[in-house]
Amino acid sequence: MTPSVAQATDCNPGSNYTSSMAFCIALAVPDMGMSPAEALRAASWRGAAALRRTEVGAPAPGRRADLLVFDAPPYIHLADRPGVGLIRSVVRGGRQVVGPRV
């Protein structure tokens, strides 16, 4: 059985001053030996599971729909392009709050 890993930014001025999840996902692939899919899972539903938050973390019936829609062909671009703005739109509570880029 593979252990579950949760990933977050741990943003603090003492040892880790980043709030970029894209950066954390990008580092998890080469530095922690994760695949892009494992890094994405660790940053989403495994993080929610570690906090015992069953209403968030992955899209499913009955869960709150907070999503980011990326302007990237496959999800592996999240690990390959950490400094590039890939967010196309933001959905919070089932409603689009930031629209597509024009």
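If I ask for residues that are under 20 Å from Gln7 (Cβ atoms) and in contact (Cβ under 8 Å) with a residue 12 or more places away in the chain, which ones from region 61-74 would you list?
If the condition is that a residue be under 20 Å from Gln7 (Cβ atoms) and in contact (Cβ under 8 Å) with a residue 12 or more places away in the chain, then Asp66, Leu67, Leu68, Phe70, Ala72 are the ones that fit.
Mind checking which pairs have a first residue in region 75-99 that is loosely packed, with under 13 Cβ neighbours inside 10 Å and a second that is in a loop (DSSP other than H, G, I, E, B) and not charged (D, E, K, R), Cβ under 6 Å, 6 or more apart or different chains?
From region 75-99, the pairs are Gly94/Ala65.
Residue check, Asp10 against (1) free of Cβ contacts under 8 Å to residues at least 24 places away in the same chain; (2) surrounded by fewer than 15 Cβ atoms within 10 Å (Cβ to Cβ); (3) on the phi < 0 side of the Ramachandran plot, all met but one. Which one?
Failing condition for Asp10: (3).
So, Ser15, is that one of a type outside the set (Asp, Glu) and either touching a residue at least 40 places away in the same chain (Cβ under 8 Å) or surrounded by 11 or more Cβ atoms within 10 Å (Cβ to Cβ) (or both) or not?
So Ser15 does not fit the description; no.
Yes or no: Ser44 surrounded by 15 or more Cβ atoms within 10 Å (Cβ to Cβ), farther than 24 Å from Asp10 by Cα and out of contact with any helix residue (DSSP H, G or I) (no Cβ under 7 Å at 6 or more places or on another chain)?
For Ser44, the condition - surrounded by 15 or more Cβ atoms within 10 Å (Cβ to Cβ), farther than 24 Å from Asp10 by Cα and out of contact with any helix residue (DSSP H, G or I) (no Cβ under 7 Å at 6 or more places or on another chain) - is not met.
Looking only at strands (runs of 3 or more DSSP E) that fall completely inside the chain, which ones have 2 or more residues that are in contact with a Lys or Arg (Cβ under 8 Å, 6 or more places away or on another chain)?
67-70
Read-outs: derived from the displayed coordinates by stated rules, not from any lab. Since the model is a prediction, treat every value here as computed from it, not as a measurement. Heads up, the Cβs are rebuilt from the backbone with ideal geometry, glycines too, and the neighbour counts pull from every protein chain shown.
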